[in-house]
Amino acid sequence: RLESELARCRRENSMLTVAVCDLNGFKQINDRYGHLEGNRLLRQISETLRDNCREYDYVARMGGDEFVLLLLGNDQGAIAERIDQLRQMLWQSGSGDEIHTQVSVSVGTAVFPRDGSDADELLAEADRSMYKAKQAHKQKRTSIDPAVSRPAMDMATIQ
């Protein structure tokens with residue numbers, strides 16, 4: 001799907017944002033509650049992403065606890081705002097669910113054509129960006145005051 005969207009963007013001279021999302025704390029869910037609960041959580045998160053993306057965006061699970069989103073459009077400010085909204089919706093979708101509230105999401109992005117000209121370059125750049133966000137999340141968690149609420153701790157920056 002990414003290849004066909006890139007071909008369309010080349011023809012139309014438009015931009016495409018590739019967002020790689022990784023769940024923070026997911027391994028602990030599988031270890032503590034088992035893989036059935038982990039799978040339930042992954043389904044819930046994928047449904048939340050699909051239900052809250054635009055009809056012309058694309059959401060896929062890359063494997064494990066990683067998802068990739070293809071977000072069409074040239075307005076990068078609006079795309080960044082949209083990603084932040086998705087992160088908030090993921091958090092809100094788990095309110096009241098003890099297991100869901102134990103995970104957060106780190107997101108990294110790459111934009112065609114600025115950050116790469118093909119699928120491999122874009123995915124690699126989005127992945128690098130996601131790992132920077134994940135590291136920032138870990139550093140934030142290790143230095144955070146225990147009195148701070150969990151939602152505030154889980155807001156990783158978009159790279």
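The values are calculated or read from the model by the stated rules, or taken from the named source; none is laboratory data. What you see is a predicted model; the values in this text were computed from it and never measured. As a convention, Cβ positions derive from the backbone with ideal geometry for all residues, glycine included, and neighbour counts pool all protein chains shown. Only protein heavy atoms, including side chains, enter the accessible area calculation; ligands, DNA and RNA are left aside. Shrake-Rupley method; radii C 1.70, N 1.55, O 1.52, S 1.80 Å.
Quick notes on this one:
- Within the shell defined by Cβ-Cβ distances under 14 Å, the residues around Ser14 carry a net charge of 0, with Lys and Arg each +1 and Asp and Glu each -1.
- Sulfur and carbon atoms: percent of accessible area, region 1-143 [1.4 Å]: 47 percent
- Take region 1-118 with all the other protein chains still there, run a 1.4 Å probe, and you get 49 Å² of accessible area per residue.
- In region 1-75, the trypsin sites (Lys or Arg not before Pro) that fall in loop regions by DSSP, at most 14 other Cβ within 10 Å: Arg1, Arg54
- Applying the Karplus relation 6.51 cos²θ - 1.76 cosθ + 1.60 with θ = phi - 60° to region 111-119 yields 3J(HN,Hα) values of 10, 7, x, 4, 9, x, 10, 9, 4 Hz, where x marks Gly and Pro.
- Within the shell of other residues whose beta carbon sits under 13 angstrom from the beta carbon of Asp127, the net charge comes to -3, with Lys and Arg scored +1 and Asp and Glu -1.
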